[in-house]
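Colleague: Please find one structure pasted underneath; my questions will follow.
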């Protein structure tokens, strides 16, 4: 018996419904597969919101909260303070954070006794005369000889730039640098305490060299025949 138009319509509607359900199911399966792929790509094993395997919220692989690729806890890309600081000798040196420098705790030829530098603090000229003054440099390698001879081959005078970074807040005023004193500088205080007095840098030329007055923050270029103290550094990078 021939189907009535109504029955034919019902069959068509049912067929369309079934087709629609198959298509919808296929779309849902494809959608879930895509989500699973995304989750797999970004899944990590910790409880934070980034895609690495540590427990912080940045995108590097160390367990701090900075955004660089080193292993320290600051937002810079400088050295790992734990690594370099551990290379300084705590008995005789102090580490300058954010650098690769170990500073001698006391001026050259003094020794640390119960948190105090004791002994006579020698002063000398930069490129040294003979006699009572000690030669601290030669024309080819300024600032090398004295620190090297007394403390070892790794030691030298700090450069002008290293001194400016230690004191901080420096600006050029005429022919000299006006910086924070060591007592005003958190970095300098953490390394050297409230250091006072004038110290040579290794930077100089033409018979002149830069001297830092740690008690005032003034860093000036003067005649290399002047008489100042020496504090040595070494680079542990």
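The values are calculated or read from the model by the stated rules, or taken from the named source; none is laboratory data. Note that this is a predicted model, so its numbers are computed, not measured. Note that we place each Cβ from the backbone using ideal geometry, even for glycine, and neighbour counts take in every protein chain shown.
Colleague: Considering only residues that are over 23 Å from residue 147 (Cβ atoms) and outside any loop (DSSP other than H, G, I, E, B), which ones fall in the range 159-178?
Modeller: Selection gives 171, 172, 173, 176, 178.
Colleague: What is the one condition in (1) surrounded by 18 or more Cβ atoms within 10 Å (Cβ to Cβ); (2) modelled with pLDDT of 85 or more that residue 145 does not satisfy?
Modeller: If we test residue 145 against (1) surrounded by 18 or more Cβ atoms within 10 Å (Cβ to Cβ); (2) modelled with pLDDT of 85 or more, just (2) comes out false.
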